[in-house]
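Written below as structure tokens is the structure these notes are about.
The values are calculated or read from the model by the stated rules, or taken from the named source; none is laboratory data. The shown structure was predicted, so the numbers you read here are calculated from the model rather than taken from an experiment. In this analysis, Cβ positions are derived from the backbone assuming ideal geometry, glycine residues included, and neighbour counts consider all displayed protein chains.
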Amino acid sequence: MDEATLSPLCWHGDAETGVLRLLDQRALPREERWIECRTAQEVATAIQDMIVRGAPAIGLAGAYGMVLAARGPAAPPAPSPRAGARRSGTGAVPGPAPSTGLSRARDLLATARPTAVNLVWAVDKLASAAREDPSPARLLSLARALHEDDIAGNRRMAALGAARIESGMGVLTHCNAGALATGGIGTALGVLWEAHRQGKRIHVYADETRPRLQGARLTAWELSRRGIPHTLVCDGAAASLMARGRIQLVVTGADRIAANGDAANKIGTYSVAVNARFHAIPFHVAAPAATFDLALPDGRGIPIEERSEEEVTAWGGERTCPAQTHATNPAFDVTPAALIRSIFTDRGEVDPVGREAIARVLGSASR
Ligand code: MRU
């Protein structure tokens, strides 16, 4: 465990023989256990099983998964580009198609979980680079660059968000959008850590986050490790805490944000935003540019992951409801842009939240 960043993933070794090490987040806070992935398939399974989770972290894991695929026996080197072939300013000369192994790995990794767009974004960056140079060394340096960018982007978001936080505030967050969910200090929790680091007296209320308890197991663990005063609350307690004046601001992360600012995040986030609006409490989102999907005009097109009903009908292997009762288990919901006060991004603050401000802050530069 990296004390400075609480990082949940790291590449160990060189491009040809190294491994991706993942902190098994299913075991926290009981145990800090690391697993090693040596193939893209192992990385895809780790993402599906939520050994690694959180939108930016699964994107980085996917990128490192492509490095593993590049050296596999199923990924022979692609033919070199024709002599003299160059990219022109407008019409790009397509590079060689990625090898079958790499394009299979791309599909496997990009579809491991459907809601967080960071995963497709990162894996496609590597797939596209592999068209020019599919060597593991080249792909590892790109994956490392994405990791470094995420670390720097987290710090920029944290500085922006911390400016909105005043000493004495109670701040509610939902799920885990901390170091465990990213390559750096986190998005929403990065904001809170920065405010705390600046000496602002804050108290964090962490929703426990049914059904997988990311708030109780992961957010409370991070807040404890950082020494940030906090209280764990069950998801249903948020409205009552707001009514009693205990919460002055809400900040959460996001998994995919549409062009108009509608934002998907962990199931229950939408209820928190509705409650915040009713109590006139500002609701903010912190997310990097890689979380925006500008191809989607609004949140209706965001794919929502449906997970197994056993996550809801059982606890610790014991059924919690009658045998004939079924559950539905959408893992995310979409908070309408109208309920979001502002979005802290690594490119600046989107305020007010809407198409124009998003286009202005994100600009036309590639994400
Ligand atoms: O199902 P999870 O644990 O991957 O869901 C994670 C979240 O909803 C986070 O809030 C989101 O990915 C933002 S992480 C910086």
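Quick look at the values:
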| read-out | value |
| --- | --- |
| Set V285, V272: member being under 19 Å from A158 (Cβ atoms) and either within 16 Å of the ligand (Cβ to nearest atom) or not assigned by TED's automatic domain parsing to the domain that holds P229 (or both) | V285 |
| Test: residue in the stretch 214-227 that is within 13 Å of the ligand (Cβ to nearest atom), part of a loop (DSSP other than H, G, I, E, B) and not assigned by TED's automatic domain parsing to the domain that holds L22 | no |
| Any hit, the stretch 198-205, residues being of a type in the set (D, E, K, R) and under 22 Å from T345 (Cβ atoms) | yes |
| Residue satisfying all of: in the stretch 281-336; charged (D, E, K, R) and part of a loop (DSSP other than H, G, I, E, B); nearest to R347 (Cα to Cα) among these | D298 |
| Scan of the stretch 329-343 for residues that are within 16 Å of the ligand (Cβ to nearest atom) and in contact with an Asp or Glu (Cβ under 9 Å, 6 or more places away or on another chain), ordered by number | N329, P330, A331, F332, V334, T335, I340, I343 |
| Condition met for A220 (under 18 Å from L23 (Cβ atoms), crowded, with 24+ Cβ neighbours inside 10 Å and touching a residue at least 60 places away in the same chain (Cβ under 8 Å)) | no |
| Any pair with Cβ under 6 angstrom, 6 or more apart, that starts in the stretch 161-189 at a residue that is among the polar types (S, T, N, Q) and ends at one that is more than 16 Å from the ligand (Cβ to nearest atom) | S167/K200; S167/R201 |
| Filter pass, T345 being within 27 Å of C234 (Cα to Cα) and of a type in the set (V, I, T) | no |
